[in-house]
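Structure first, then comments.
No lab work stands behind these numbers, since they all come straight from the coordinates. Predicted model only: the values in this text are computed from it and were never measured. As a convention, Cβ positions derive from the backbone with ideal geometry for all residues, glycine included, and neighbour counts pool all protein chains shown.
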């Protein structure tokens with residue numbers, strides 16, 4: 001009896017979650033991708049404040065960091081943490097510049113991890129990520145958002161990441177939220193706010 | 001020939017280690033009698049999350065990220081390091097005699113890296129030190145704790161905050177831990193420096209920011 005109630009409750013709860021995020025039909029997904037892809041082609045610059053929240057199962061509290069993201073097509077990206085500590089990383093023409101609380105360094109962008117981060121962030125701003133051969137992409141929608149869910153195809157990449165969800169507010173072609181789930185189940189959630197498209201960015205922002 | 005090369009490499013390594021590792025001696029401290037039988041490093045003794053911005057320099061490699069230390073029970077701590085972007089680099093559980101690796105990023109999965117971290121954190125998280133001898137200098141009360149061939153010099157400020165631990169093995173200085181704290185259960189920052197290898201770990205708290 002208890003088992004049945006538990007099962008019923010489980011169905012109800014999972015039904016509730018499914019009701020929130022419904023899969024897009026093939027036609028809907030196609031329309032969504034082509035709309036985002038064509039609109040993001042018009043993006044020359046992008047800037048946004050972000051809040052990053054890291055959750056781990058053994059922690060009482062989440063770890064929250066704040067910063068600013070700046071992007072200029074085709075290949076300049078600045079990712080700047082401002083609170084609770086200062087850390088900046090700039091991707092510029094295949095080089096990576098880092099300022100870690102005053103300690104400056106630079107490396108060639110050959111590191112696999114950095115390359116993927118760069119590709120993902122740039123890709124999510126220009127729409128090319130939907131065609132990334134390393135991921136299987138599925139599409140969902142709910143009242144406020146269109147959601148693209150990325151699952152790595154190779155076991156090698158799955159060791160790093162289980163899935164990535166990109167949230168696009170309805171009628172907006174830039175991402176407002178990224179949810180990443182690691183192989184261990186830990187999550188990192190990044191929410192973008194005050195997003196500005198095609199406002200000019202001084203070149204100094206990409207110099208550390 | 002190869003044998004010879006290997007041997008000479010080994011000898012030069014031993015020589016480098018022997019030279020670079022000085023015998024550690026307390027200077028300008030006078031022995032005192034003390035009633036303390038046991039001194040403690042309480043900086044990781046609370047059950048709260050300890051969260052630090054972490055900068056590691058391992059030879060020429062610089063690793064930046066967030067380090068989390070959490071006491072699981074009286075003997076064991078969980079330690080996790082994530083990159084600044086949040087993805088986990090390494091996650092393990094350590095107690096004085098045990099070590100369990102929960103996760104390591106494939107790029108970091110090297111025995112030498114894991115062994116260093118294991119050893120460093122087992123030393124850092126060690127709480128109790130039986131006192132063998134006591135000393136004093138102008139600024140600090142110093143307790144020497146001898147455990148087999150290992151010796152620990154613990155420096156406490158006059159207001160009883162642990163300022164430094166010098167870990168020696170066979171009288172050679174191995175690791176220098178320096179703490180900066182206002183409370184005895186919480187270090188605002190700490191610096192861990194190897195004396196025989198170019199490895200340095202710097203932690204600055206970001207726990208109490210909100």
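Between residue A:41 and residue A:21, the contour length at 0.36 nm per residue exceeds the Cα-Cα span by 4.5 nm.
Give the Kirkwood hydrodynamic radius (Å, one decimal) of the range A:53-111, defined as one over the mean of 1/r across all pairs of different Cα atoms.
12.9 Å
From a point 7 Å beyond the Cα of residue B:136 in the direction of its Cβ, which residues of the range B:27-69 have a backbone N at a distance under 13 Å? Taking a point 7 Å out along Cα→Cβ of residue B:136, the residues of the range B:27-69 whose backbone N falls under 13 Å are B:29-36. What FRET efficiency comes out for the pair residue B:57/residue A:138, r = Cβ-Cβ distance, R0 = 45 Å, nearest 0.05? For R0 = 45 Å, the calculated efficiency reads 0.60. If R0 is taken as 41 Å, the Cβ-Cβ distance between residue B:191 and residue B:107 corresponds to a FRET efficiency of 0.95.
Stretched out straight at 0.36 nm per residue, the stretch from residue B:76 to residue B:178 would grow longer than its current Cα-Cα span by 34.5 nm.
Under the shape rule built on the C-alpha gyration tensor, where the axes satisfy a ≥ b ≥ c, the range B:114-210 is oblate, since a/c reaches at least 1.5 while a/b does not exceed b/c. Taking every C-alpha pair closer than 8 Å and separated by at least 6 residues, the mean separation divided by the residue count of the range B:28-205 gives a relative contact order of 21 percent.
With each label modelled as a point 7 angstrom along the Cα→C-beta vector, the residue B:160-residue B:32 pair spans 1.4 nm. Taking every pair of alpha-carbon atoms in the range B:21-91, what share in percent sits in each 10 Å bin, from 0 to the bin with the longest distance? Whole-percent P(r) values from 0 Å outward: 15, 29, 25, 24, 6, 0. Gain on full extension, evaluated as 0.36 nm per residue between residue A:57 and residue A:95 minus their Cα-Cα distance, stands at 10.2 nm.
Taking every alpha-carbon pair within the protein assembly as shown, the share separated by more than 28 Å comes to 58 percent. Panel values: chain B, Kirkwood radius from alpha carbon pairs, Stokes-Einstein at 25 °C and 0.890 mPa s, translational diffusion coefficient 133 µm²/s. Per-residue ellipticity at 222 nm from helix content only, as computed over chain B with -39500 (n - 2.57) for each DSSP H run of at least four residues, stands at -5000 deg cm²/dmol.
Scaled against the 2.2 N^0.38 Å expected of a compact globular protein of N residues, the Cα radius of gyration of the range A:35-84 reads 1.55. Per 10 Å bin, what is the whole-percent P(r) computed from every C-alpha pair distance within the range B:53-111? With 10 Å bins starting at 0, P(r) equals 22, 50, 26, 2. Taking label positions 7 Å along the Cα-Cβ direction at both residue B:146 and residue B:46, the computed distance is 3.6 nm, reported to one decimal. Taking R0 as 41 Å, what FRET efficiency do you get between residue B:170 and residue A:82 from their Cβ-Cβ distance, rounded to the nearest 0.05? Calculated value: 0.30. The label-point distance for residue B:95 and residue A:64, in a model that sets each label 7 Å from Cα toward Cβ, rounds to 3.5 nm.
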